[in-house]
Protein chains: 2
Amino acid sequence: MWNAFFSSSLFIDGFVFASRVEFDLYFRKNPFGGEFTVFAGLEECIKFIANFKFTEHDILFLQSVMPMCEDAFFDYLRKIDCSDVEVYSIPEGSVVFPKVPLMRVEGPVAVVQLLETPFVNLINYASLVTTNAARHRHVAGKSKVLLEFGLRRAQGPDGAISASKYCFMGGFDATSNVLAGNLFGIPLRGTHSHAYVSSYMSLDDIPDKALMSKDGSRVCKDFVSLVKEWLQRIHLADSLCGVFGDTNQSELAAFVSYALAFPSNFLALVDTYDVMRSGIPNFCAVALALHDLGYKASGIRLDSGDLAYLSIETRKVFRTIEKEFNVPNFEKMIITASNDLNEETIDALNKQGHEVDAFGIGTYLVTCYSQAALGCVFKLVEINSRPRIKLSEDVTKVGLLSSC
Amino acid sequence: MWNAFFSSSLFIDGFVFASRVEFDLYFRKNPFGGEFTVFAGLEECIKFIANFKFTEHDILFLQSVMPMCEDAFFDYLRKIDCSDVEVYSIPEGSVVFPKVPLMRVEGPVAVVQLLETPFVNLINYASLVTTNAARHRHVAGKSKVLLEFGLRRAQGPDGAISASKYCFMGGFDATSNVLAGNLFGIPLRGTHSHAYVSSYMSLDDIPDKALMSKDGSRVCKDFVSLVKEWLQRIHLADSLCGVFGDTNQSELAAFVSYALAFPSNFLALVDTYDVMRSGIPNFCAVALALHDLGYKASGIRLDSGDLAYLSIETRKVFRTIEKEFNVPNFEKMIITASNDLNEETIDALNKQGHEVDAFGIGTYLVTCYSQAALGCVFKLVEINSRPRIKLSEDVTKVGLLSSC
């Protein structure tokens with residue numbers, strides 16, 4: 001296409017591709033059946049034009065696939081950059097609406113035309129996932145912690161990095177993507193995996209059982225025995241009588257080992273075997289032992305089952321333990337929930353009632369599962385100060401824009 | 001989590017993270033409500049482990065966010081690579097089924113655990129989009145040309161590159177993504193944009209009207225006049241009488257200009273103004289003029305409207321022109337269709353009857369719109385030759401795998 005522009009404009013006035021054009025970038029419909037969109041991706045567009053240049057490698061490849069084009073065309077490509085391009089834009093992060101130009105791009109026709117695909121690519125997913133994050137924040141409420149857990153389900157590694165960046169922009173608190181934390185300074189949050197739990201066999205797997213108290217004043221030489229004592233006390237507690245039976249020892253070993261490594265950041269994934277019969281009592285025993293040494297456990301994560309019911313039952317246990325053993329604020333232990341959460345499931349949890357403090361959201365958030373593309377367009381609205389419009393067989397596709 | 005592995009294994013037998021584990025990578029359900037999945041992404045996993053290494057920059061960042069970890073832990077990270085990891089895999093491109101291990105990864109627990117997220121990320125989208133492409137090929141039929149047109153709607157620039165690669169693997173013929181063509185040798189195909197058409201005002205915009213015949217034997221000094229003559233002949237033809245009125249001159253100028261630049265590759269987007277009243281007669285006039293000079297036009301692209309009806313009507317016009325002006329094979333001109341196509345719309349076109357030869361598919365293909373994630377998992381099945389399994393509150397999530 002360029003070459004056609006090139007051939008036809010080469011001799012007009014001595015400047016190749018001399019026509020000056022104005023393009024508008026906009027979308028036609030808010031995503032997710034909603035009433036707003038959050039505009040994002042501008043910074044990446046600006047970086048793109050700041051660095052836009054054909055390398056000799058690019059030119060060689062283009063020559064190989066377009067042998068019919070004259071040398072002067074490739075010489076032209078070697079020279080172009082975006083120094084003569086002007087971009088007018090709504091600020092990144094703004095709430096925007098359909099058919100309103102988000103960006104207006106002015107410059108030489110052939111250069112601006114080259115920006116259509118990269119700009120639409122960079123704005124489309126960025127705005128979509130930022131909007132999705134903002135919608136999740138809206139349904140979860142301001143008081144909840146929202147964690148982006150999408151790396152493994154995102155559309156490629158770069159898709160995951162973009163997702164982390166734009167979910168943070170859309171109102172999430174942290175990401176589990178360490179590289180995104182490094183690149184953008186986004187707070188990092190995560191827990192251990194199920195495999196970590198199931199990789200332990202028994203408490204014998206723990207070689208070093210000693211743990212120094214938080215204030216450094218004493219060393220508990222056998223933290224494992226302390227945890228076992230607490231497990232016994234929980235079993236025998238009147239207020240918890242009959243709630244718990246024997247707990248899974250492999251899970252207990254994993255929790256103890258984790259607490260020994262991170263006594264100030266103990267957050268346990270409690271659903272590897274059985275949340276209420278094993279995960280919760282094992283967690284509580286380790287948390288109480290840590291408390292003896294001056295540490296405060298962080299909380300638990302639920303990753304399967306009826307999250308409303310399990311979170312409510314868990315909170316009851318925490319409350320009972322706070323009272324039974326007189327441990328201040330044990331009731332307020334953080335309950336994190338994950339497992340294919342999305343706007344609808346969080347809304348359903350809200351309606352049922354739940355005790356979740358933090359949501360870890362992955363697949364539905366980062367892939368924008370309910371609508372995987374925004375559908376931005378980049379339309380010519382003016383050429384050499386004369387207005388242009390594309391008509392269409394679809395009336396809905398006809399823009400109502402003018403360049404006035 | 002690693003640090004917990006590290007602390008507990010450091011003193012066991014003199015090797016840190018010494019336990020040898022086996023993980024299986026699989027998915028639980030075929031995507032798109034279908035009965036098969038095409039496995040893809042293996043090459044990228046192999047490249048990942050071949051190059052896996054923590055840089056000093058990585059270590060510095062990890063130290064900054066994990067100040068509680070001991071120096072020996074970071075020294076360990078500096079040393080690890082995947083030289084002791086073994087990967088067994090089904091060949092890339094195989095048709096695979098739920099719950100069957102696609103890859104089995106063996107090695108030191110801490111190293112293999114680090115591979116969970118990148119492997120799941122790399123396999124998930126690759127297999128999903130390859131499967132989606134294969135499904136589109138199945139519904140379109142073997143005889144149709146399938147073009148991947150997804151760059152602007154993919155989830156980020158890297159998502160687009162992956163899409164082009166894996167759609168080709170899944171049975172597509174070409175891509176419009178020039179970088180993917182360069183990186184992977186995928187054939188490139190595309191047409192001009194609507195903006196190209198609407199950027200022209202009139203035939204006066206064409207400065208150089210000369211075109212040499214294909215065999216180089218003569219020069220047509222005024223190709224524009226030749227096209228005008230053909231447009232007149234089409235208007236006056238008995239067999240086409242009354243079908244066409246005045247055509248859009250801006251569109252005609254764009255087509256002529258494109259044909260002058262690419263006389264052997266003239267493929268026109270005919271829906272900028274009105275397909276049957278303007279796009280098709282303008283295209284035919286240019287194609288017939290090119291034919292006079294020994295060239296063969298490629299065809300047209302429809303990007304809006306009722307694609308079944310428009311393709312059938314267009315084919316009728318091509319057939320009539322072949323007979324009226326005795327131009328062999330004019331009837332066989334390629335009709336390409338695009339505009340939010342997917343499996344369902346192609347199936348509907350098949351049922352209605354259509355004359356489309358090539359489909360350009362973007363959004364629904366590359367974002368896997370109807371199911372945007374596959375949901376691969378990476379589960380521990382053996383540690384130090386002892387089998388392990390993760391149970392779950394969700395019975396469907398419990399694997400039936402053994403390492404036997």
field: Spherically averaged projected area in nm², based on the convex hull that wraps the Cα atoms of the stretch B:143-265
entry: 11.2
task: List the distances, in nm and shortest first, from the label point of B:T55 to the matching label points in every other copy, placing each point 7 Å from Cα along the Cα-to-Cβ direction.
output: 1.6
message: For chain A, take the longest principal axis of its alpha carbons; what is the angle in degrees between that and the long axis of helix A:343-352, to the nearest 10 within 0 to 90?
response: 30
- line: Given unit charges at Cβ for Lys, Arg (+) and Asp, Glu (-), the dipole magnitude of the protein assembly as shown about its Cα centre in debye, nearest 20, is 640
query: For the stretch B:27-32, what does the Karplus curve 6.51 cos²θ - 1.76 cosθ + 1.60, with θ = phi - 60°, yield as ³J(HN,Hα) per residue in whole Hz, taken in order and with x for Gly and Pro?
result: 10, 9, 8, 4, x, 6
- prompt: Considering amide H positions built from the backbone, and no H for Pro or chain starts, which residues 5 or more places from A:M212, or on another chain, come under 5 Å of its amide H?
  reply: A:C220
- request: Can you find, among B:V139, B:N248, B:C69, the residue farthest towards the positive end of the dipole of the protein assembly as shown? Put +1 on the C-beta of Lys and Arg, -1 on that of Asp and Glu.
  value: B:V139
task: Please tell me the relative contact order of the stretch A:166-295 in percent, rounded to the nearest whole number, where contacts are Cα pairs under 8 Å and at least six residues apart.
output: 27
field: Percent RCO, i.e. relative contact order, over the stretch B:141-366, from Cα pairs under 8 Å lying at least 6 residues apart
entry: 21
field: Point-charge dipole on Cβ atoms (K/R +1, D/E -1) for the stretch B:141-366, about Cα centre, debye to 20
entry: 520
task: Of the listed pairs B:K99/B:K351; B:K47/B:K142; A:K209/B:K79; B:K99/B:K144; A:K144/A:K209, which have alpha-carbon separations greater than 29 Å here?
output: B:K99/B:K351; B:K47/B:K142; B:K99/B:K144; A:K144/A:K209
- line: Cβ-Cβ cut-off under 11 Å around B:Q249, Lys and Arg +1, Asp and Glu -1: the net charge is -3
field: Antiparallel %, DSSP beta bridges [both residues in chain B], to 5
entry: 60
- request: Could you grab the relative contact order for chain A? Cα pairs under 8 Å, six or more apart, rounded to a whole percent.
  value: 19
query: Which whole-Hz ³J(HN,Hα) couplings does the stretch A:99-113 yield from phi under the Karplus relation 6.51 cos²θ - 1.76 cosθ + 1.60, θ = phi - 60°, glycine and proline marked x?
result: 6, 8, x, 8, 9, 10, 10, 10, x, x, 3, 5, 6, 5, 4
- line: Sorting from shortest, the nanometre distances separating the label point of A:G34 (7 Å past Cα along the line to Cβ) from those of the same residue in the other copies are 3.0
- prompt: Could you give P(r) for chain B, binned at 10 Å from zero, as whole percent values over all Cα-Cα pairs?
  reply: 4, 19, 22, 18, 13, 10, 8, 5, 1, 0
- request: Could you work out which residue, out of B:L240, B:L25, B:L290, moves most in a Gaussian network model of chain B, that is, has the largest mean-square fluctuation with Cα springs under 10 Å?
  value: B:L240
query: Could you name the aspartates and glutamates in cross-link range of B:K221, using Cα to Cα under 19 Å and dropping any fewer than eight places away on the same chain?
result: B:D204, B:D205, B:D208, B:E229, B:D292
field: Beta bridge orientation in the protein assembly as shown: antiparallel %, DSSP, nearest 5
entry: 60
Entries of B:K214/B:K296; B:K228/B:K332; A:K165/B:K165 with Cα pairs more than 20 Å apart: B:K228/B:K332; A:K165/B:K165
statement: For the rotation taking chain A to chain B, the chain A residue with the nearest C-beta to the axis, plus the distance in whole Å, reads A:D158, 1
- prompt: Could you give, in nm with one decimal, how far B:S225 is from each other copy of that position, shortest first, with labels 7 Å out from Cα toward Cβ?
  reply: 10.9
message: How charged is the neighbourhood of B:I186? Take every other residue with its Cβ under 10 Å from the Cβ of B:I186, and add Lys/Arg as +1 and Asp/Glu as -1.
response: 0
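Read-outs: derived from the displayed coordinates by stated rules, not from any lab. Quick caveat, the model's predicted, so the values are computed rather than measured. Here the Cβ is made from the backbone with ideal geometry for all residues, glycine too, and neighbour counts use every protein chain on show.
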